[in-house]
Every structure is written in structure tokens, then in C-alpha cells.
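The values are calculated or read from the model by the stated rules, or taken from the named source; none is laboratory data. Fair warning: this is a prediction, and the values are worked out from it, not measured in the lab. All Cβ positions, glycine included, derive from the backbone under ideal geometry; neighbour counts span all protein chains shown. These area figures cover heavy atoms from the full protein model, side chains too; ligands, DNA and RNA do not enter into them. Shrake-Rupley method; radii C 1.70, N 1.55, O 1.52, S 1.80 Å.
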Amino acid sequence: MRPLLFIFMVLLFSCEEQVHWDLDSRELPLLVVDGMITNERKPHRVSLSRTVAELNQPPEPVSNALVAITDGDTIFLLNERPAGTGQYYTDSTVQGVVGKPYFLYVRIEEREYWSERTEMVPVEPLESLNYRKTPENPNLYEFINLETPDPSMTQLYLDWSHLLGGENPDDARIWFRYYTLRSVDVNELFKPDQQRIVFPAGTRVWRTKYSLSSGHQAFIRSLLMETEWKGGVIDVLPANVITNMVGGAVGYFGASTAISDGTVILPLR
């Protein structure tokens, strides 16, 4: 090796400078909030748990908290039930209203957390449920394009257990959720393939569609980027999921307008 080249390589690998990173560290575990109020007259749920340090570790529920939802005029207290689960519910008479602001308040011992202002936006009517025969089996069906024209979260519950004569009913029921977001994300376009859902004629389908505010969309988008959209052709760098909670908690408290319907899958010619 030439002397000059040798000296250059020695200097290159010996000139190391210690770098100190300013990391955004927070006290762990954090409080995780998951809740929503809708225009449905029903008990509305808020879930409280703690972040975990290990993959697939079950979250620890947070009990004995003071949890309340307010619209600025009325305070709705939530009760934990069953005790020890971290699941808090309003009573069944609470019903959200479009145009009112809603806030979540949580107190755990001496610590207080609250959500930023959130409001319901109107929900568009449900469109016809389109489905087709599967190519490999004409006796089974699958949905066609479940996307909606407006930003929304839609939950579907399918049940064909009544067609099996009482055998293995749990194998003939499925619940799933899908989102339509007003955005074009690269990792959404190239997201991994989702589980394919097929079902027979006679299946009963119940749908509930929830409107999404711009802030709620942003939260869901950031959550999907770190979960279901991971592992596609193109991934984004890992980042913290957006939150509208203040006081050191993470998660989201939303307000949505909901609309529901039910139908039966009829045979196609």
C-alpha cells in the first residue's frame, strides 16, 4: 500500500467525534386513550390502557379513573364496567349532536388529561352494497369496492351461521372495518394485500358508517402507516402516531355521525 494512501486511511478511521442526540423521551408507560361519541343513542365507550414495551404484549387496563365527556354545557360521567377492564361507558341516553364541540377529560390520581376540541361532521348516506361471485366458486361471493365517496369509517358484521344448522356458528361470523380517507399516500397505494372475505348467499350483513373530521382522518392515517400499511412495496419512516390528547397521553378521542343499515346477500344469476 502506498504510504500516502495508508496515512489517509488511518486519519479517516481515527477521526471519530462523539455525537450527542437530543432524543424526545417521555415518561413510560404512557396513558393510551381510545374513545368516540356519536349521534347514536347508546352507551359510548372510552378505553384507557398503558403503552407496552414488548411486541404483542397485552396492554394493561387503567382502572379507577375519573372519565367525563362534555359539550361545554353538560358533563356526562362514564363508569368502568366491568370493573378492572379499563372500559368506561356513558349511560344509554347520551347522544351527540352535530355542531356541538366535545371534549374528553380524564383524571388518574393527581394527573389530568384532556382532549382538544372535536366536532361531528355530517355523514353521507350509505350506498348500495355491491358484490359478485368469486371466480373459483360460483356459490361464494365477495364485495366489490367498499370505498365511499366521503371520508368515513365503516364497520361490517357478516353472519351466515343460520345456514349451517347450528354447527360451528363462530366460523360463520366475521366483523371487519375499513376506511376511506381524503388523501393519496404512497404506502396506501402500495399497501400489503388484505385478508380476502368470501361468504355464501343468504348471509346477513349489518353496516354502520361513521363520518370522519379532518383531525380524525389524520390520526387514522398515521395509525395505518404504522400498522396495516406497513410491509408494502414502499414504507415511510417510523414515526409517532398523531394524538389530540393533552397532558402526556396518546391516542384519540373523536366525534362522529353514524348511519346504519342491514341487508341479506341474494343469489346472483
Net charge near Ile174 (other residues with Cβ under 12 Å of its Cβ; Lys, Arg +1; Asp, Glu -1) is +1
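Within 10 Å, count the other beta carbons around each residue, average over each peptide in 93-99, 33-39, and list them highest first.
Working: 93-99: 13.7, 33-39: 21.6.
Descending mean neighbour count gives 33-39, 93-99.
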Mind putting a number on the dipole of the stretch 15-173 about its Cα centre? Charges go on the C-beta only, +1 for Lys and Arg and -1 for Asp and Glu, and I need it in Debye to the nearest 20.
720
Rounded accessible area per residue of the stretch 38-156, 1.4 Å, Å²
59
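Using +1 on the beta carbon of Lys and Arg, -1 on that of Asp and Glu, and nothing else charged, what's the dipole of the stretch 83-220 about the Cα centre, debye to 20?
Details: 14 positive and 19 negative charges, 50 e Å.
For this selection, approximately 240 debye.
Looking at the stretch 21-154 from every direction and averaging, what is the projected area of its Cα convex hull in nm²?
On the way: hull surface 56.6 nm².
For the stretch 21-154, the mean projected area of the Cα convex hull comes to 14.1 nm².
Can you tell me which of 207-220, 44-57 comes out highest on packing, and rank the rest after it, using the mean Cβ neighbours within 10 Å?
Values: 207-220: 19.8, 44-57: 14.4.
Per-residue mean Cβ counts within 10 Å order the peptides as 207-220, 44-57.
Which three semi-axes in whole Å describe the equivalent ellipsoid of the stretch 77-211, each the square root of 5 times a Cα gyration tensor eigenvalue, listed largest first? All intermediate terms of the calculation are to be shown ahead of the outcome.
On the way: eigenvalues 245, 100, 48 Å².
Taking √(5λ) for each eigenvalue gives 35, 22, 16 Å, largest first.
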Excluding Gln155 itself, what net charge comes from residues whose Cβ is under 10 Å from its Cβ, given Lys and Arg +1 and Asp and Glu -1?
+3
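Would you work out the charge dipole size for the stretch 109-160 about its Cα centre, treating the Cβ of every Lys and Arg as +1 and the Cβ of every Asp and Glu as -1, and quote it to the nearest 20 debye? Working shown, then result.
Values: 4 positive and 12 negative charges, 81 e Å.
That gives the stretch 109-160 a dipole magnitude of about 380 debye.
Counting Lys +1, Arg +1, Asp -1, Glu -1, what net charge surrounds Phe103 among other residues with beta carbon under 14 Å of its beta carbon? Please list the in-between numbers first.
On the way: positive: Lys100, Arg107, Arg117; negative: Asp71, Asp73, Glu112, Glu116, Glu119.
Net charge around Phe103: -2.
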Distance in nm between pseudo-label sites at Leu164 and Leu55 (7 Å out along the Cβ direction from Cα)
3.2
